[in-house]
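Visitor: This is the structure I have questions about; it appears just below.
None of the figures in this text is laboratory data; all of them are computed from the coordinates on show. Just so it is clear, the structure is predicted and the values come from calculations on it, not from any experiment. Counting neighbours? That spans all protein chains shown, and the Cβs are built from the backbone with ideal geometry, glycine included.
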Amino acid sequence: MNNMKKIHLLFVCLGNICRSPMAEFVMRDLIAKAQLSDKISTASCGTSGWHDGEDMHTGTKRILQEQGIDTQGFVSSRLPENALLQYDYIAVMDDNNLRDVERRLGRNSQRIFKLTDFCEDFDFVPDPWYTGNFEECFEIIYLCCENWLSLIKKENNC
């Protein structure tokens with residue numbers, strides 16, 4: 001993996017304050033623990049832009065901090081038009097996010113997919129903005145990120 005170019009991962013949900021920042025920081029933590037921070041980067045955004053410039057939801061921040069995951073440096077932003085030039089892979093949280101991203105960036109099943117594609121037990125990550133269940137959201141995201149990182153490591157021999 002020494003000569004591998006850095007892999008850039010983007011997580012996308014609707015507002016970029018609950019699910020996608022949770023996924024960004026969970027994956028960042030897993031990457032750091034695997035000592036791969038110099039090889040893999042994470043970011044997140046939303047399809048709506050409703051919360052641009054805001055911090056993550058207090059429920060997301062709380063559960064991440066309870067798990068010992070750093071939450072510093074987050075600022076909500078909207079999906080950039082050039083996302084496929086900036087990021088190698090884009091992982092969305094549900095079918096609506098997938099439709100919105102594909103409408104803006106085009107279909108690309110090799111690079112744009114649902115995060116839950118890495119967990120056969122789940123079809124989507126429920127939005128805790130509506131469900132209030134940040135614990136369930138965290139559990140699904142954590143499992144999917146663990147599985148995805150394992151695949152990345154295997155594919156890149158690290």
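Visitor: Multiply the residue gap between ASN133 and LYS154 by 0.36 nm, knock off their C-alpha separation, and tell me the result in nm, one decimal place.
Guide: 4.3 nm
Visitor: Quick one: go through segment 43-58 and flag any residue whose amide nitrogen is under 12 Å from the point 7 Å out along the Cα-to-Cβ line of ASN147.
Guide: none
Visitor: Residues with beta-carbon under 15 Å from that of GLY46, excluding GLY46: net charge, scoring Lys, Arg +1 and Asp, Glu -1?
Guide: -3
Visitor: Here's something else I'd like to know. Percent relative contact order of the chain, based on C-alpha pairs within less than 8 angstrom and at least six residues apart?
Guide: Relative CO of the chain lands at 27 percent.
Visitor: Suppose we look only past 17 Å in the calculated P(r) of segment 7-155. What percent of the Cα-Cα pairs does that tail hold?
Guide: 56
Visitor: Need the full-extension length gain, ALA34 to ASP88, defined as separation in residues times 0.36 nm minus the C-alpha distance. One decimal, nm.
Guide: Result for the pair: 17.5 nm of gain on full extension.
Visitor: Within 10 Å, at most 13 other Cβ atoms, and a DSSP state outside H, G, I, E, B define an exposed site. Report the longest part of the chain free of exposed GluC sites (Glu not before Pro).
Guide: Longest run free of exposed loop sites: 1-80.
Visitor: Can you count the Lys pairs in segment 3-158 whose Cα atoms are under 25 Å apart, with each pair 8 or more apart or on different chains?
Guide: Final tally of qualifying lysine pairs is 20.
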